[in-house]
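Novice: The structure is given below, and queries will be raised subsequently.
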């Protein structure tokens with residue numbers, strides 16, 4: 001009996017716990033964090049979801065660690081000892097990652113975005129085309145564990161870990177890929193190696209040919225299915241012009257004037273656009289004191305050194 005009621009007592013406060021950055025409304029700012037939370041919210045957890053979000057914002061999550069195939073967390077509830085939480089997701093095998101890396105390295109769009117620390121939305125389509133969905137589609141793909149007495153899965157402690165995990169994805173999207181079996185450093189090192197291959201970044205491997213059609217006229221293979229990701233964006237770009245057309249590439253289409261055009265402006269236009277300064281730097285009176293100086297500066301010609309005072 002005490003076990004069933006203990007779960008409804010207020011949780012014990014945590015000093016130095018992990019708090020969600022979001023204090024109200026939805027949690028998760030990036031497309032990948034929102035996409036991940038959509039899986040959690042599709043479970044229709046009701047009050048457990050609400051209480052899990054409250055736990056995340058109060059700092060009840062003591063620790064959160066992402067490793068390939070598992071997210072392990074400790075969440076402080078109403079009992080003295082924190083609950084142990086685990087969110088398991090099957091990592092992709094090496095052969096799947098090799099196919100993915102070949103595809104990503106073969107398209108400069110993905111390589112540039114990943115090397116810049118970003119996950120483009122088209123990445124999800126590439127993973128799906130490889131038969132390796134980036135996000136779980138249902139609760140059945142997750143191994144959810146918590147040693148609390150609540151019989152429901154996911155419980156509020158798991159929900160709190162979900163929300164903190166989504167914000168961890170916001171801060172570092174490579175955590176998603178790390179969870180799926182490839183850490184940031186390892187993935188980027190593989191992409192750099194493949195991009196520097198003597199065969200060239202455009203060379204297709206057997207893995208790429210399985211995922212993307214071979215490029216022919218317009219970037220499409222005759223009779224092939226639709227391209228995915230950046231291939232869909234680049235497929236309709238025409239071929240570059242012949243070398244003869246490059247001779248006039250740097251020439252202006254019309255003759256340029258000898259001197260650039262100028263627009264007349266009153267000397268104190270900048271003061272008008274900026275508005276009155278804050279009281280800490282002089283207040284509205286500062287603009288009136290500066291206006292005569294702006295008018296004088298505006299009337300100064302090439303002989304500025306003869307008109308303006310010099311020296312300290």
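The values are calculated or read from the model by the stated rules, or taken from the named source; none is laboratory data. Computed from a predicted structure; not experimentally measured. Every residue, glycine as well, gets a Cβ built from its backbone with ideal geometry; the counts of neighbours run over all protein chains shown.
Novice: Give me the pairs: first residue in region 159-180 and without any contact (Cβ under 8 Å) to a residue 60 or more places away in the chain, second residue surrounded by fewer than 22 Cβ atoms within 10 Å (Cβ to Cβ) and in a helix (DSSP H, G or I), beta-carbon distance under 8 Å, and six or more apart or on different chains, which are they?
Specialist: Cβ pairs passing all conditions: 172/184; 174/184; 174/187; 177/184; 177/187.
Novice: Here's another thing I want to ask about it. Condition (residue is in a helix (DSSP H, G or I), loosely packed, with under 15 Cβ neighbours inside 10 Å, touching a residue at least 40 places away in the same chain (Cβ under 8 Å) and in contact with a helix residue (DSSP H, G or I) (Cβ under 9 Å, 6 or more places away or on another chain)) applied to region 121-139: is it met by at least one residue?
Specialist: yes
Novice: So if I check each of 74, 67, which one is farther than 29 Å from residue 132 by Cβ and assigned by TED's automatic domain parsing to the domain that holds residue 148?
Specialist: Unique residue meeting the criteria: 74.
Novice: Could I ask something else about it? For the condition more than 30 Å from residue 130 (Cβ to Cβ) and either assigned to a strand (DSSP E or B) or at pLDDT 85 or above (or both), what is the one hit in 57, 34, 9?
Specialist: Of the residues listed, the single one that is more than 30 Å from residue 130 (Cβ to Cβ) and either assigned to a strand (DSSP E or B) or at pLDDT 85 or above (or both) is 57.
Novice: If you go through region 140-166, how many residues are in a loop (DSSP other than H, G, I, E, B) and surrounded by 17 or more Cβ atoms within 10 Å (Cβ to Cβ)?
Specialist: 4
Novice: Among the listed residues 167, 122, identify the single one that is assigned by TED's automatic domain parsing to the domain that holds residue 58 and under 18 Å from the mean Cα position of the chain (by Cα).
Specialist: Being assigned by TED's automatic domain parsing to the domain that holds residue 58 and under 18 Å from the mean Cα position of the chain (by Cα) holds for just one of 167, 122, which is 167.
Novice: When you go through 21, 57 one by one, which is the residue that is surrounded by fewer than 20 Cβ atoms within 10 Å (Cβ to Cβ), more than 21 Å from the chain's Cα centre (by Cα) and in contact (Cβ under 8 Å) with a residue 24 or more places away in the chain? It would help to see each step written out before you state the result.
Specialist: Values: 21 fails: more than 21 Å from the chain's Cα centre (by Cα).
Only one candidate qualifies: 57.
Novice: Counting only residues that are more than 19 Å from residue 11 (Cα to Cα), touching a strand residue (DSSP E or B) at 6+ places or on another chain (Cβ under 7 Å) and part of a strand (DSSP E or B), how many does region 60-94 have?
Specialist: The number of residues fulfilling the criteria is 8.
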